[in-house]
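Read the figures in this text as sums done on the coordinates, not as results from a lab. These numbers come from a predicted model, not from an experiment. With ideal geometry, Cβ positions are generated from the backbone for all residues, glycine too; neighbour counts draw on all protein chains shown.
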Amino acid sequence: MPQLVANQSAPSGDDAELQVSAQVREIRLARHLSQRQLAGRMQVPRTYISKIENGKAIPTLGSLERLAMALGVEVRQLVRDARSRRDEEVAAILSDPFLAEIAPLLSHLDSLHRTLFFGAVRDAATGRRRIA
């Protein structure tokens, strides 16, 4: 069962851990809100928002609902676990038609050819040319 985590400095590797503080900060910054503005929307002291974002306080379910409303998101966006974030990142990467086409082919390459392929793609992406 997922658990809320107070310390956000380094995930322990447990995919079920919920990174609430990082999510709150990330969404708040994406909405161009200060801690004071978010606190005003929730009618709580600014220090409460700071404590949540710094992992010093874990919000109750009621506070999570108010946070979500104040940020204009659903509660589930505040309590995404590492696995759901990874799944979303993979889905975003595979939404690129080129990457979606080559992803299934990469497993057929041996490590040398995979390394060469990644190097060629990296060079192409950065605009460098290889000299053979």
Work out, step by step, the length gained on full extension between ILE58 and ASP110: first 0.36 nm times the residue separation, then minus their alpha carbon distance; give nm to one decimal. 14.1 nm
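Based on Cβ point charges of +1 for Lys and Arg and -1 for Asp and Glu, what charge dipole magnitude is obtained for segment 53-118 about its Cα centre, in debye rounded to the nearest 20? Numbers along the way, then the final one.
Details: 8 positive and 10 negative charges, 59 e Å.
Approximately 280 debye in magnitude.
Pulled fully out, how much extra length does the chain show between GLU74 and GLU26, if you take 0.36 nm times their separation in residues and subtract their Cα-Cα distance? Walk me through the numbers before you get to the answer.
On the way: separation 48, 0.36 × 48 = 17.28 nm, distance 1.43 nm.
Gain in length upon complete extension: 15.9 nm.
Hey, with R₀ at 25 Å, roughly what FRET efficiency would ALA100 and ALA124 work out to, going by the Cβ-Cβ distance, to 0.05?
Working: r = 18 Å, r/R0 = 0.71.
Computed FRET efficiency for ALA100 and ALA124: 0.90.
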Please state the relative contact order of segment 30-125 as a whole percent: Cα pairs under 8 Å, 6+ residues apart? 13
